1. Around P116, what is the net charge, scoring Lys/Arg as +1 and Asp/Glu as -1 over all other residues with Cβ under 9 Å from its Cβ?
2. Between beta-carbons, use under 14 Å as the cut-off and find the net charge around A71, counting Lys and Arg +1, Asp and Glu -1.
3. If I model a spin label as a point 7 Å beyond the Cα along the Cα-Cβ vector, how far apart are those points for S100 and K73 in nm?
4. Taking only Cα atoms of region 21-145, what ratio of Rg to Rh do you get with Rh as the Kirkwood inverse-distance radius?
Amino acid sequence: MKPIIFCLLFISIASCSPDEAYGRVTNVVDGDTFDVALGDYSSCQVAEDVIRIRLADIDTPETRGAKACEAGKEASAYTRTWLQSTYVFLDLDDKTGKDSFGCWIAVVYLSENNQPGRNFNKQLVDSGHAVIEDFKNNEFDPRSW
Ligand SMILES: [Ca+2]
Ligand SMILES: [Ca+2]
């Protein structure tokens, strides 16, 4: 039995994919930042139980500071409506990982029938609440979304 379990674990860690981590959104900070309480099998790169996610390669309007605006609040409300208390799959950045604020850079997939479904990064752009901003220091390429 044990070799089989090892194999399965190895496969899930080796594949760079939408299901590197899985968990429930516990707190939405703003349009592109939120906290996820990780589920049991999200073992790979992450040691913490709750991680803060920053959506990769997109930019939403600010909700705080000098550049705060109404559009920032609307983006936050949109993300809260879609993600608060829901389960999501995460493709974490394998290149840099966390940004300078300690947030994991990730592409987030909505859970549909317990499988990674819609790409939420793309959905936020398509809905008009964010724009693409392709940072080169991560593994993601928005052109492939
Ligand atoms: Ca990854
Ligand atoms: Ca990128």
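Each reported figure results from applying straightforward, stated rules to the coordinates on display, with no laboratory input. Here the structure is a predicted model, which is why all the values come from computation and not from measurement. Don't worry about glycine lacking a Cβ; one is built from the backbone with ideal geometry, like all the others, and counts go over all protein chains shown.
1. Numbers: positive: R118; negative: D19, D91, E112.
Taking every other residue near P116 into account, the sum is -2.
2. -3
3. With each label point 7 Å from Cα toward Cβ, the separation is 3.0 nm.
4. Values: Rg = 13.5 Å, Rh = 14.5 Å.
Radius of gyration over Kirkwood radius for region 21-145 works out to 0.94.
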